[in-house]
Each structure stands twice: as structure tokens, then as C-alpha cells.
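Contents: one structure, followed by commentary.
The values are calculated or read from the model by the stated rules, or taken from the named source; none is laboratory data. What you see is a predicted model; the values in this text were computed from it and never measured. For neighbour counting, all protein chains shown are included, and Cβ atoms are generated from backbone atoms with ideal geometry for every residue, glycine included. All accessible areas refer to the heavy atoms of the entire protein, side chains included, with ligands and DNA or RNA removed. Shrake-Rupley method; radii C 1.70, N 1.55, O 1.52, S 1.80 Å.
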Amino acid sequence: MKLRGRSGNGKRPRRRGADHAPATTFPPGSLLPRVLVILVGAAAVVITLAGVKAIAFLVAPAFLALVIVVTASPVQVWLLRKGWPRLLTTVALVTVVYAVILGLVFVVVVSLAQLATILPQYAARAADLLKHATDELARVGVGQQQLREMASSLDLGKLAGLVGSLLSGLGGVLTNLVFLLALLLFLSTEATWADQRLGSIDSDRPWLTAAFHRFASGTRSYILVTTVFGFIVAVLDTIGLLIIGIPVPVLWGLLAFVTNYIPNVGFVIGLIPPALLGLLDGGWKKMLVVIIIYGVLNFVVQSLIQPRFVAGSVGLSTLVTVLSLVFWSWLLGPLGAILAVPLTLLLKALFVDIDPTAGWADALIRMVGRGHEPAAQPAPAVESGLEPEAGPDPKTTKKAEPGQAGADPGEPGPAPA
């Protein structure tokens, strides 16, 4: 005799939903593995950053050479399309890049030599200004000990000695320059075969090549736009400094050109030296004129015109740009500040663009506004309909074996089992 509501073995059958609910809950210790994964990942990141910081002298020039080659690669591609041999395109590219770099180094060395000669002439003027400033501070109640420490730190003789030490340390600079030029040579040679290498990767992981192409196009657009506007600002600043009589105007124009690659704060860095020289050469009025010239030129070009062209190619929010500037400056030094945006674009390509589930990260770091809607930059894998682990890729699907579906009907298949 069977009891109603019970199974044949006398046990009450389980009700769906009620008895299975506890199985979907996690035991109290189930979060421990996730915490361990987070801690181990954080420790790995810290160790990696410490290693990169220890070899920053090697990483920064290598990435600078990579950015230069990526930026100049369209010229090489154009020459190849014109029928030039690959070796000849490499020679032409390396020659042009070498000429530009060596020309900039020559201008910097000559200008620093002129500056080291001029600075001692302003020692008496600097002492008078410093004495006047300390007298004014003492009048408002600043202690004598603090004033003496301030005066010793602002000694112009120490600044002239610093410039002299820079000139005497050109041996190390030339060593780094030779290393950079060698990297440029090798990377330019490898760049001639980059299309074939990326083609091989694309047959296996197309989302990875899409991320690399996005990094290359974004970096190229950013460097080209920044270079054009930096050159315009440098020429205008040099002409303005030459008109008002600031010493060594070419050096400060070159400094304005280089600091244009430093986002948000490069203008201030390029302004300080000529403003101080204006103060020593002509007093507060001349320094004020320098500040006004730099302010007007850099505000119009770098704050109103340049962002309209840079934002579309980079697509990074202002907060992300500022944080990347601080981070890469700490990790790689001055070159990290100059290469902050390309380095951030590389990290974005490697960790965000190749992951179809990282749309939330792209939304957090992307520039939001007109022309930067969320749908404008989909993940490469989703965009092409290819997921990394969602199934076979048509480009990577192996040729069907004889006897299988899709095999050549003319070939004999295996004997049936």
C-alpha cells in the first residue's frame, strides 16, 4: 500500500524550489578564494611595478622608440605602395628620424651652453631681488632662520652650477641617445614586416590585432596632432620672446614644444624658466609680459583648438589623463610624463579593448560628451561577432578531415567502424 504524497521507498519527494534553495547559497568560507585571488593579483601588480621602476632607464627609451616608429610607419607604408624596396624604405625612415633627433639634441646642447654663459651675468640682479623679497617677508613676520634657508635654496650660482653639471653629464645623455637610435634602427627594420606578423596573429586572435590597430591609430593621431600644435606654439613663443628680448629664446621655444606632450601641466613647466629670466632681465613688468604672451598663446592653441582634435583620437577623460600623468611620471620619470597618454592607450588596448566583457571599464575611462557616445567604441570581439572562447573562428577552422562534413567528396574517407 502506497501512501499518498510519498515515493516508493517511503520518503517524501523533494519539492522543487524549496529544498534546492540552500544549494544555491554560498557557504560562509566561499569568499576566501576570491579574496586570495584579489590579494595575489594585487601583490603581483606591486611586484611588476617595482620591477618596471627598477628598469625604467630601459623601458622608457624602448617605448619612446616604439611610439616614434608607430607614428612614422605610414610614411614607410606609402613608400612601399610606391614600389620602393623594403630595405630602402627602412633606410629612408631611419635617416629622417635620426636627422630630426640629432638636430634637436644639437639645439639643446648649444642653447644650454649659451645659458650657462649668460646666467652668471644676472647673479647681482638675483641677489638684489632676493634681498628685497626677504626684507618684505621679514616685515610681515617671517623668521630669520627660514629666510636664510630660503635665500640659500634660491642661490643663482647653484642654478648656474646645475646647468654646468648638465653639460658635463652629456656623456650619459649621449649613451642613452645611442641606445635610442639603435632601438629605432631595429624597430624600423621590424616594422617593414609588421603587416605579415599581424596577419598571422589575426588568423588566430582577431580581437588582439584589432586592439593593436586601435592603439596604433590612437597613438599616431595623438602624436601627430600634438606635434603640429606644439610646433605652432613653439614658433609663436620663440617669436614673442625674441621681440621682448628674453635670452636664449630658441631653447625656451624648444622647451615649450617638448612640454606640449605633457598633458594639462606642460604649459606651466615651459613657462617657468623664461618667466624667471624675464624677472632677472627686466623686472616684474617683463616677467608679466612673458606670462601674458604664454598665457594667451597657449590658452588659445592648447586649450581651445588642440583638444578638439586630440579628444577624438584619444578618447580618454580628463581625470584619467591627469592620473596617468602622475602615475607614469612616478614610474618612468620625465619620459613617463611625456609618454603618459600613449602608455595609457597601450594598457587600454591590452586589458580593455581585447576583453568583450570590459565595457564597464571603457565607460569609466572614456571621454563622455558629444561625439563620444558609448556605442562609438565597442569591444573588438563583440564588434566582429567573435568571442575569444565562444566557438571556432572561421579563419582558424582547420580543414575538414577526409570523410567528415565539408571534406572534399573526391577524397576517400575512412573505413566505417
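Laid out as a table, the results:
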{"read-out": "Residue count for segment 84-119, restricted to those that are open to solvent by less than 60 Å² (accessible area, probe 1.4 Å), farther than 22 Å from Ala256 by Cα and not polar (S, T, N, Q)", "value": "3"}
{"read-out": "Scan of segment 100-134 for residues that are closer than 25 Å to Leu177 by Cβ and in contact (Cβ under 8 Å) with a residue 60 or more places away in the chain, ordered by number", "value": "Ile101, Leu104, Val105, Val107, Val108, Val109, Ser111, Leu112, Gln114, Leu115"}
{"read-out": "Qualifying residue in segment 269-276 (condition: over 29 Å from the mean Cα position of the chain (by Cα) and free of Cβ contacts under 8 Å to residues at least 40 places away in the same chain)", "value": "yes"}
{"read-out": "Where a residue in segment 37-50 is part of a helix (DSSP H, G or I) and its partner, wherever it lies, is open to solvent by less than 100 Å² (accessible area, probe 1.4 Å), with Cβ under 7 Å and at least six apart", "value": "Leu49/Leu331"}
{"read-out": "From the options Ile292, Ile305, residue that is at pLDDT 90 or above and farther than 20 Å from Gln114 by Cβ", "value": "Ile292"}
{"read-out": "Selection status of Phe57, modelled with pLDDT of 85 or more, open to solvent by less than 80 Å² (accessible area, probe 1.4 Å), aromatic (Phe, Trp, Tyr) and part of a helix (DSSP H, G or I)", "value": "no"}
{"read-out": "Qualifying positions in segment 287-328 - polar (S, T, N, Q) and either touching a His at 6+ places or on another chain (Cβ under 7 Å) or crowded, with 18+ Cβ neighbours inside 10 Å (or both)", "value": "Asn298, Gln302, Gln306, Ser313, Thr321, Ser324"}
{"read-out": "Residue within segment 243-264 that is closer than 30 Å to Trp328 by Cβ, among the small types (Gly, Ala, Ser) and within 20 Å of the chain's Cα centre (by Cα) present", "value": "yes"}
{"read-out": "Residues of segment 82-100 satisfying the condition of being of a type in the set (Lys, Arg) and either farther than 15 Å from Ala194 by Cβ or not in a helix (DSSP H, G or I) (or both)", "value": "Lys82"}
{"read-out": "Within segment 203-242, considering residues that are of a type in the set (S, T, N, Q) and open to solvent by less than 10 Å² (accessible area, probe 1.4 Å), the one nearest to the chain's Cα centre (by Cα)", "value": "Thr219"}
{"read-out": "Matching residues, segment 253-286, being assigned to a helix (DSSP H, G or I) and open to solvent by less than 20 Å² (accessible area, probe 1.4 Å)", "value": "Gly253, Ala256, Thr259, Gly266, Gly270, Pro274, Ala275, Leu277, Gly278"}
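Okay, residues lined up against (1) at negative phi; (2) modelled with pLDDT of 80 or more; (3) not charged (D, E, K, R):
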residue	(1), (2), (3)
Met287	yes, yes, yes
Leu331	yes, yes, yes
Leu343	yes, yes, yes
Pro378	yes, no, yes
Glu383	yes, no, no
